[in-house]
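Data block below; observations after.
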Amino acid sequence: MTGFPVGITALIVVSLLIFFGLAHRALDRMRLTDRGALAVIVALIIGSFISIPIPGGRYPVSINVGGGLVPLGLAIYLLARAGTAAERLRALFGAGVTALVVYAVGSLVMRGLPEPGGRYEILDALWLYPLVAGVMGYLAGRSRRAAFVSATLGLLALDVGYYFWLVSRGAPAGRVAIGGAGAFDAIVMGGILAVLLAEVVGEVRERLQGGPSEKGRPEALLKALRKPGLDTGTADQDGAGEGSETGKGGSLQ
Amino acid sequence: MGIGLLLAGISLLVGLSASRLSQPVWSLTSFFKEAENDHQVGNIYTVKDEQGRVISQVSRRVTVGDEIFTAEGRHYRVVRIQGNTAYARFTGMDRDLLAYSEFYSRLEVPVAKMARNPRPVAIYHTHSDESYVPTDGSESIPFKGGIYQVGQSLVNRLKSGGVRVDYDKTPHDPHDDNAYYRSRRTAVRLMQNNPIALLDVHRDGVPDPTYYRRTISQQDVAQARLVVGRENPRMQSNLDFAKRLMAYANSVHKPIVKEIFTAQGNYNQDLMPTALLIEAGTHTNSRDEAERGIALLADAVPVVLGLTGPAPEGAPKPITDRTAGTPGSWKALGWIIALTLLGGGAFLLISAGNWNRAKSRLDHFFGREFTSFFAPRRARKPGLDTAEKATSTPAPGNEDPDASKVARDHLERIRQD
């Protein structure tokens, strides 16, 4: 009977639970309810097994439901629900910059003969993407949603660019399987880790400055920052600021 | 400020691409440009032990913490880098490797008969351009490198031994680190057939051909190096597999595996505990040497994976035996749990601000979170204003806003960003 031993099985199960737990926490931080986030995760998992071929190209192109369509749909939903046009623009801008930076670092800097990761390899591509997207999203709008949109749309742009690169090089063979690794695709992992990164950076920064900044903020936001019943008081430093709202024990993950 | 930084980044990128048009003596562009001189000796790192003896040559940047397990079972950890020389400390003989080697040396003849074999071995190439200069004429042939013949040699030998093989020839060019982003999809596609192992076959970039060239089992071959990525939370279980493979392969055809190198990177090894990256010789070896070398390595694969049935008395159980001991995976599990608790704890503390508040959040976590999933949810009153709700509970002073239902609802309402 072949099958992995208890140690390996336990390892796989626990790391899957932690990954999806983290994913749930990250999705929960956006415009989704607990159950909405859970539904997205279920869609991610089931969708991982479904790849839709996109016909008509010179090379086989497909988009995976879990690894491509669900994150894309979520990114579009987040953009559509964005409060202002400026916010939307910032998120899209972040996505563009993410695609450029990821291309520059992953394909221009870390390439060449040195094995196995190319020269200057310090961080594997898989971990580089969320880092870039998280930082971009945070810089662009101090927002978790912008981080998510930057990661998913940025990486999707990278895939589209890859198709045109194949065409321009006249590659004899090639495949563009967008989100082909499903729930474990860099698109999904990038989006989720970028949100968590933006959250951590936001939290730490806010803690360092002693609470959310109130100067120059709209009155509505300031009012919302204050705890109920404390309308006249100053905002508590634990209030949910721009990058904050750490309630719900999310930090447990 | 954020926008300012973004603009700075963009202008840097634009400036970089513009400056490519001119021909500077040295500029930041060289950082991005194709490195023509990559295979010069100067770009090779030599790893030495504390007595100055050469342990290894590596065609990549070595960093402090990289580890080397030699074929003899010696374990080194890089502690200092000076120019292109890395100094590694000998940390002792690796107990697992010694144990595996000891056991396998007692295993006289590998069981010839293949047991029931439902699961394939999956093979792919992340760097599909990799080639061998003496035979292929170049170190890189885009989309159809000599590495495919080496892969085929591995496939043929495994198949002739009765192993089912899933060989994916999708190219992932260009040769860069983003290739792992593309090959991850191939790896997952291969995983849909429930493989028993996932092998990514490469060749190295060390310029000295004699570094890998050996005469083993009366053949001139290029040795293989096994690479395990350190940026993988489950790395210890992959390392465990690599140690078994090296120990057994070297007991059959000594020393076909040169060493195990743990390098920075992930190399999609987080996907499976039996995912491994194999460097079959280097670009200055002939492709035939590499093909013969990897075929010898293939001889060890069925036994290590347990495809030849249960191990005889006294031998270590193969990694696919449900009762096999896997110290690596327990270690990896420990790491993951420890990191999760540490990271979660640190974040909780930072976000809560002090111990007491963090503690009260922790106390509230279980009851609240699990109720929301397993118990019917109380309907929320949509029309209720937060101020109105606040009147039902007196203002709690400086209490954690996350601790009361009212404050939580309030939080939920404003956490729309």
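The values are calculated or read from the model by the stated rules, or taken from the named source; none is laboratory data. Only a predicted model underlies this, so the values are computations on that prediction, with no experimental measurement involved. Neighbour counts are summed over all protein chains in view; Cβ atoms, including those assigned to glycine, are modelled from backbone coordinates with ideal geometry. Remember, those area values only see protein heavy atoms, side chains included, never the ligands or the DNA or RNA. Shrake-Rupley method; radii C 1.70, N 1.55, O 1.52, S 1.80 Å.
Cβ-Cβ distances below 8 Å connect the following pairs, each with a first residue in the range B:338-363 that is over 20 Å from A:Glu206 (Cα atoms), a second residue that is open to solvent by 60 Å² or more (accessible area, probe 1.4 Å) and modelled with pLDDT under 75, and a separation of six or more residues or different chains: B:Thr340/A:Gln253. Being surrounded by fewer than 24 Cβ atoms within 10 Å (Cβ to Cβ) and among the basic types (Lys, Arg) is a condition met by at least one residue of the range A:155-172. Only residues that are in contact with a helix residue (DSSP H, G or I) (Cβ under 9 Å, 6 or more places away or on another chain), open to solvent by 10 Å² or more (accessible area, probe 1.4 Å) and more than 27 Å from B:Val303 (Cα to Cα) were counted across the range B:182-232, and they come to 6. When residues in the range B:324-344 are screened for being modelled with pLDDT under 75, open to solvent by less than 50 Å² (accessible area, probe 1.4 Å) and assigned to a helix (DSSP H, G or I), 2 of them pass. Taken together, the criteria exclude A:Val6 from residues that are facing chain B (nearest Cβ under 9 Å), open to solvent by less than 60 Å² (accessible area, probe 1.4 Å) and not acidic (Asp, Glu). Looking across the range B:278-305, the residues that are buried (at least 22 other Cβ atoms within 10 Å of the Cβ), part of a loop (DSSP other than H, G, I, E, B) and out of contact with any Lys or Arg (no Cβ under 7 Å at 6 or more places or on another chain) come down to B:Thr284, B:Ala300, B:Leu305. Scanning the range A:160-169 for residues that are within 12 Å of chain B (Cβ to nearest Cβ) and touching a residue at least 24 places away in the same chain (Cβ under 8 Å) returns A:Gly161, A:Tyr163, A:Leu166. Of all residues in the range B:183-224 being among the charged types (D, E, K, R) and touching a Pro at 6+ places or on another chain (Cβ under 9 Å), which is modelled with the lowest pLDDT? In this case the residue turns out to be B:Asp204.
Those residues that are farther than 30 Å from B:Ser351 by Cα and open to solvent by 10 Å² or more (accessible area, probe 1.4 Å), I need them from the range A:175-187; list them, please. Break it down stepwise before answering.
The initial filter retains those residues of the range A:175-187 that are farther than 30 Å from B:Ser351 by Cα, namely A:175-182.
Selection gives A:Arg175, A:Ala177, A:Ile178, A:Gly180.
When A:Gly190, A:Gly210 are checked against the criterion of being open to solvent by 40 Å² or more (accessible area, probe 1.4 Å) and touching a residue at least 24 places away in the same chain (Cβ under 8 Å), A:Gly210 stands alone in meeting it. The numbered conditions (1) crowded, with 22+ Cβ neighbours inside 10 Å; (2) part of a helix (DSSP H, G or I) are all true for A:Met30 except (2). The numbered conditions (1) at pLDDT 75 or above; (2) closer than 30 Å to A:Tyr103 by Cα; (3) not in a loop (DSSP other than H, G, I, E, B) are all true for B:Val14 except (1). Taking strands (runs of 3 or more DSSP E) as the structural unit, those lying wholly within the range B:189-260 and holding at least 2 residues that are under 16 Å from the mean Cα position of the chain (by Cα) and in contact (Cβ under 8 Å) with a residue 40 or more places away in the chain correspond to B:197-204, B:224-229.
Here are A:Leu153, A:Leu166: which of them is assigned to a helix (DSSP H, G or I), modelled with pLDDT of 90 or more and out of contact with any strand residue (DSSP E or B) (no Cβ under 9 Å at 6 or more places or on another chain)? Working first, answer last.
Details: A:Leu166 fails: out of contact with any strand residue (DSSP E or B) (no Cβ under 9 Å at 6 or more places or on another chain).
On inspection, the qualifying residue turns out to be A:Leu153.
Evaluate the range A:10-17: report whether one residue or more is open to solvent by less than 40 Å² (accessible area, probe 1.4 Å) and in contact (Cβ under 8 Å) with a residue 60 or more places away in the chain. For the range A:10-17, residues open to solvent by less than 40 Å² (accessible area, probe 1.4 Å) and in contact (Cβ under 8 Å) with a residue 60 or more places away in the chain: absent.
Quick one: is A:Val13 at pLDDT 85 or above and either away from chain B (no Cβ under 13 Å) or out of contact with any Pro (no Cβ under 7 Å at 6 or more places or on another chain) (or both)?
Numbers: at pLDDT 85 or above: no; either away from chain B (no Cβ under 13 Å) or out of contact with any Pro (no Cβ under 7 Å at 6 or more places or on another chain) (or both): yes.
Against the criterion (at pLDDT 85 or above and either away from chain B (no Cβ under 13 Å) or out of contact with any Pro (no Cβ under 7 Å at 6 or more places or on another chain) (or both)), A:Val13 does not qualify.
Please work out if B:Asn194 is within 12 Å of another protein chain (Cβ to nearest Cβ) and on the phi > 0 side of the Ramachandran plot. For B:Asn194, the condition - within 12 Å of another protein chain (Cβ to nearest Cβ) and on the phi > 0 side of the Ramachandran plot - is met.
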